[in-house]
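Read the structure below first, then the notes.
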Amino acid sequence: MQRLLKNRELLLALIILVMIGGFATRAAGFAAPANLANIFNDTSILIILALGQMTVILTKSIDLSVAANLAFTGMAVAMLDAAYPGLPLALLIVLAVVIGAALGAINGFLVWLLQIPPIVVTLGTLTIYRGMAFVLSGGGWVNAHQMTPDFLNLPRLPVLGLPILSWLAIAIVLAMWFVLMRTPFGRSAYASGGNPTAAVYAGIDVGRARFLAFVLSGALAGLSGYLWVSRYAVAYVDIAAGFELDTVAACVIGGISIAGGIGTVIGTVLGALFLGVIKNALPVIGISPFAQMAISGVVIILAVVFNARAEKKKGRIILRERAAKEKLA
Amino acid sequence: MSTATTGETATRRQIPDRLGTPFTRLLASWEVLLFCVAVAIFIANSLASPYFLNAWNLSDATFNFTEKALIAFAMALLIIAGEIDLSVAAIIALASTAMGAAAQTGLGTPGLVAIGIGTGLACGAFNGVLVAGLKLPSIVVTIGTMSLFRGISYIVLGDQAYGKYPADFAWFGQGYVAWVFSFEFVLFLVMAAVFGVLLHRTNFGRQVYVIGNNPLAARFSGIPVERVKFILFLLTGLMSGIAAVCLTSRLGSTRPSIAQGWELEVVTMVVLGGVSILGGAGTIAGVVIAAFVMGLVTFGLGLLNVPGIVMSIFIGLLLIVTIALPIIARRIKHARKA
């Protein structure tokens, strides 16, 4: 029983269920399956982005440029679709992933080869990427009537009762679980964050793991760029402004240690759903949507306090650190 | 910052057999290099625009950076000590909102200033308790408080704005002490001197360096690490409060989106000034010159009609390039030796 209570994911899942139950007493339809499916669909993009963010945080880095990456990529594919309606949708989606991955690779390159702290790199690229979105669009908008119907409708198409957007999120959750738990890259991501020195001794290229994590995060951000633009049927420079904080919040709430190496895919998904439930409940229980930012802030702070208590103590370093440092540098 | 980056990035310091003469060391310093850049930008600006070389124009240009520089001084100490505060812009928003709310009730200027500075101190203390008291990583904590502080402004204001500030309140942001020297610019110079003395001439300043270089050694030498960090967060909150008074007074109104994105520009200014993002090194003189460089760049681009968001690309590039250049230079130097 005690071990069950200490299981963070279970606890978080219970909290979410209690929240849904509580909101349902105020608004009858809130816990209805259709509404829950709706909330999941609404949170899908956050889940996808948070999983990328999680991989980066696992390697002891942080990617603050995801939302700017999303804005630039979304703008790029929307403008392409508006200018050349004949382009096949599959090509545009592949392009979104590639552009996103390329922007992520720039972050990863600076972190890996130049050893610049990730927070500085991504603070810089966050403004650069969003500035590039402005330069690309000239500050203009791409509206729904300029985009092709296929481009707009794909995420909404229902398959077996759920929209494709939801299925995509589910597929990415499963894929990320596989990547992180069952591939050498996933294990090296955990190792490089958990104990970089030990990782080097185990023959893991920590810098490369970080680089790949940034590429992955960028690719997911690029895909989300297409999803965001088609879901909200508009592209402009400021889309998803500040959304990078929500992805970090989802990770922190889900029990991902900001110091790296600790966290699970299911935790991140639950962290994102936690935010999604709150976001969807605010209008239902009559709280101004303007309160959402402050609530996110409080939840992030509480989650950090909670995480700090849960994190286990660091192991003792037995081997000399020096050789590992030389390897890292 | 400290928890995330120590352990692997702290490189061993090499002690040379012979120190260079004070003069050669001065020539090779980051501050002198930056000063040359500032002079070059100044000359380029005066060639590019005929309106640049004018005492009043230059005085106007200082408003571009004085408020951010006030925060940058405190942020420099914080970063040297191995921490960071990303909530400074949100503190401005909250302090400005508090002043706006008080102004609607008809409170006079001294009361408004007290509320602005008080809010800043309270926010700084809140960050300080979380980071120094509960020993939480400052990056995430201040991302959280950034969301919280600005979020409170959004709850209070929504899509509204506060105006109706008393007429004499405008002096802080728009008044002149003498000739072309604005109150903000004089405050900037005074604070530069105060922080310069604090960092370079007091025990407290030495403790800040020691903590940034090696928190463990600092604790073993009897430095109250947590208390110093708390004071630094308090100072950062104080300076953000003062910046909020200046900015609100200059704009004459408050929206929840006030000073959006300033945390980035403040950090850029500090890092551009030669302060190591890993902690332990940096000078106030560097930050002062960096403030001028950034002010001159944005003002010069403004005279050339470059839109604000494009300027932010330059700021972002400036941040990455100034950090990357010394690293690349060191690499090349190493490669030559080998």
In Å², and per residue, what accessible area does the protein assembly as shown have when probed at 1.4 Å with the other protein chains present? 43 Å²
Taking each pair of distinct Cα atoms in segment A:33-127 once, what is the resulting Kirkwood hydrodynamic radius in Å? 14.9 Å
In terms of the Cα gyration tensor, with a ≥ b ≥ c the square roots of its eigenvalues, is segment B:194-324 rounded because a/c is under 1.5, prolate because a/b exceeds b/c, or oblate? prolate
At a threshold of 8 angstrom on Cα-Cα distance, excluding pairs fewer than six apart, so keeping six or more, what relative contact order does chain B reach in percent? 32 percent
Contact order relative to length of chain A, as percent, for alpha carbon pairs under 8 angstrom and 6 or more apart: 32 percent
Going down the list A:279/B:135; B:135/B:333; A:60/B:333; A:60/B:68, which pairs span over 32 Å between their C-alpha atoms? B:135/B:333
What do you get for Rg/Rh over segment B:54-336 if you use C-alpha atoms and the Kirkwood form of Rh? 0.98
Bin by bin, in steps of 10 Å, what percent of the Cα pairs in segment B:266-328 do you find, going until the bin that has the longest distance? 22, 51, 23, 4
For segment B:99-144, report the % of Cα-Cα distances exceeding 11 Å. 67 percent
At 222 nm, what value in deg cm²/dmol follows for the protein assembly as shown if DSSP H runs of at least 4 each add -39500 (n - 2.57) and the sum is divided by all its residues, to the nearest 500? -23500 deg cm²/dmol
Looking at chain B, do any whole DSSP H helices span at least 18 angstrom along their long axis by alpha carbon and average -1.0 or above on Kyte-Doolittle, and which? B:30-48, B:66-80, B:88-104, B:109-128, B:138-157, B:183-201, B:225-251, B:284-303, B:308-337
Would you please classify the overall shape of the protein assembly as shown from the alpha carbon gyration tensor, given that a ≥ b ≥ c denote the square roots of the eigenvalues, rounded means a/c under 1.5, and beyond that prolate means a/b larger than b/c while oblate covers the rest? rounded
Segment A:56-179: D in µm²/s via Stokes-Einstein (Kirkwood Rh, Cα pairs, 25 °C, 0.890 mPa s)? 151 µm²/s
Is the shape of segment B:49-155 rounded, prolate or oblate, going by the alpha carbon gyration tensor and its root eigenvalues a ≥ b ≥ c, with a/c under 1.5 for rounded and a/b larger than b/c for prolate? oblate
Taking Cα centroids, how far is segment A:53-130 from segment B:68-112 in Å? 32 Å
Only four residue types carry charge here, +1 at the Cβ of Lys and Arg and -1 at the Cβ of Asp and Glu. Report the dipole size of segment A:39-328 about the Cα centre in Debye, rounded to the nearest 20. 1160 debye
What are the extents of the Cα atoms of segment A:39-328 along their three principal axes, listed from largest to smallest and rounded to whole Å? 64, 43, 36
Could you check how much of the accessible area of chain B is carbon and sulfur, as a whole percent, using a 1.4 Å probe? 68 percent
In Å², rounded to the nearest 100, what is the total accessible surface buried by chains B and A against each other with a 1.4 Å probe? 3900 Å²
Leaving ligands, DNA and RNA out of it, report the carbon-plus-sulfur percent of the accessible area of segment A:123-194 at a 1.4 Å probe. 73 percent
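The values are calculated or read from the model by the stated rules, or taken from the named source; none is laboratory data. Everything numeric here is computed off the predicted structure, so don't read it as measured data. For neighbour counting, all protein chains shown are included, and Cβ atoms are generated from backbone atoms with ideal geometry for every residue, glycine included. Note: areas computed on protein heavy atoms with side chains; ligands, DNA, RNA excluded. Shrake-Rupley method; radii C 1.70, N 1.55, O 1.52, S 1.80 Å.
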